[in-house]
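Notes follow the structure.
Just so it is clear, none of the values below were taken in a lab; they were calculated from the coordinates. Everything numeric here is computed off the predicted structure, so don't read it as measured data. We place every Cβ from the backbone using ideal geometry, glycine too, and count neighbours over all the protein chains shown.
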Amino acid sequence: MDLQLSGRVAVVTGASKGIGLAVTRTLLGEGVRVVAASRKSTPELDALTGDLVHVPADLMDPEAPGQIVERAVSEFGGLDILVNNAGGPPPGVALPRFSFMAPTDEDWRVMFEFNLFSVVRAVRAAITPMLARGGGSIVNISSGSARLPAPMNVDYNAAKAGLNNLAKALSEEFAPQGIRVNTVSPGPVRTAWWTESGGAADIIAAQAGTDRDSVIEQVAPEMMKLSTGRLVDPQEIADVVALLASPRSASTTGADFAVDGGFLKQI
Ligand SMILES: NC(=O)c1ccc[n+]([C@@H]2O[C@H](COP(=O)([O-])OP(=O)(O)OC[C@H]3O[C@@H](n4cnc5c(N)ncnc54)[C@H](OP(=O)(O)O)[C@@H]3O)[C@@H](O)[C@H]2O)c1
């Protein structure tokens, strides 16, 4: 299937690793010109070929989203696609946290800064250049947890629930002007968030009295009742993002796609 993405311009946040890296690689493979934002680049990002610009940016800085979008316009002449992928544990934070009593006011504030307010700012910056092109596609990476409230990561889940709500509101306002807004809600994905030292797998391993690899291969899929029995691969998220970015999805807006191995059980 030709996704008709060749020559379009995208901004991808959190593009140096994990899901964002897979999205960047996939869009480049479709001929998209990509502005990739993260605090630092990685050898994996640097190794990608195509029309790619890395913008070093800290999304905890309220000015950063606007600067990233400006760079897309100055470098590639406009903006067609915005993938708000950066999110998860804010800088310096490790998740999961196991109780509502764990996060402080400051924890709640930085969680919302990173997972919701940075997206608000990126969308605000993107609307005008997208309208100048006659429309565009915005894809927000949320989480299955947004629709499954639980004591674990209560602040993260609430921020992602806000993100889902925001996407629906944006889709209502801007569909008549050609901008589509959709959400992709992953289940647990095999990225640094889980696999790095001190990451989610290590935290759960300490609780469960096991090791990191056992958590990734067995404990987490069982704990999260994944029907597929395994964590999601970042590429499986990226493929859905590419389809939503494409004009082939011209009638898809305000939708939320679970790519979660069967994590969400409700219809
Ligand atoms: N992995 C999962 O299990 C899972 C599940 C559900 C939803 N999600 C969602 O999927 C998205 C991506 O998660 P991931 O697991 O792929 O993350 P990841 O592998 O940890 O990568 C995070 C990316 O965000 C960048 N980043 C981190 N802090 C940043 C900051 N302050 N400013 C700019 N960029 C920053 C990182 O680069 P730098 O560190 O260089 O800045 C990196 O490129 C998030 O929205 C997350 O909530 C993930």
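Is the stretch 26-77 best put as rounded, prolate or oblate by its Cα gyration tensor, with a ≥ b ≥ c the root eigenvalues, rounded for a/c under 1.5, and otherwise prolate when a/b is larger than b/c, oblate when not?
On the way: a/c = 2.66, a/b = 1.35, b/c = 1.97.
Taking the square roots of the gyration eigenvalues as a ≥ b ≥ c, the stretch 26-77 is oblate.
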Cut-off 14 Å between beta-carbons: net charge of the residues surrounding R212, Lys and Arg +1, Asp and Glu -1 = -4
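Assign unit charges at the C-beta atoms only (+1 for Lys and Arg, -1 for Asp and Glu), then state the dipole size of the stretch 190-231 relative to its Cα centre in Debye, rounded to the nearest 20.
Magnitude of the dipole: close to 180 debye.
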request  = Please work out the Cα convex hull volume for the stretch 75-198 and give it in Å³ per residue.
outcome  = 116
ask   = To the nearest 20 debye, what is the magnitude of the charge dipole of the chain about its Cα centre, counting +1 on the Cβ of each Lys and Arg and -1 on the Cβ of each Asp and Glu?
value = 480
key: FRET E, pair A150, D213, Förster distance 30 Å, beta-carbon r, rounded to 0.05   = 0.75
message = Springs between alpha-carbon pairs under 10 angstrom, Gaussian network model over the chain: which of T128, T24, T13 fluctuates most?
response = T128
inquiry  = At 0.36 nm per residue, and after removing the present C-alpha to C-alpha distance, how many nm does the segment from E173 to K265 gain when stretched out fully?
reply    = 30.1 nm
task = Output the relative contact order of the stretch 190-231, whole-number percent, from Cα pairs under 8 angstrom with separation of 6+ residues.
result = 29
Label point distance in nm, E44-D107, each placed 7 Å from Cα along Cα→Cβ = 2.8
note = Filtered hits (lysines, Cα-Cα < 24 Å from K265, offset >= 8 within chain) -> K160, K168, K225
query = Which whole-number percent is the relative contact order of the stretch 1-64 (Cα, under 8 Å, 6+ apart)?
reply = 31
key: Relative contact order (%) - the chain, alpha-carbon pairs under 8 angstrom, separation at least six   = 20
query = Ranked by Cβ crowding within 10 angstrom, fewest neighbours first, how are K168, K40 ordered?
reply = K40, K168
request  = Please give the direction-averaged projected area of the C-alpha convex hull for the chain, in square nanometres with one decimal.
outcome  = 13.4
Kirkwood-Stokes translational diffusion coefficient of the stretch 190-231, alpha-carbon pairs, 10 °C, 1.306 mPa s, µm²/s = 160
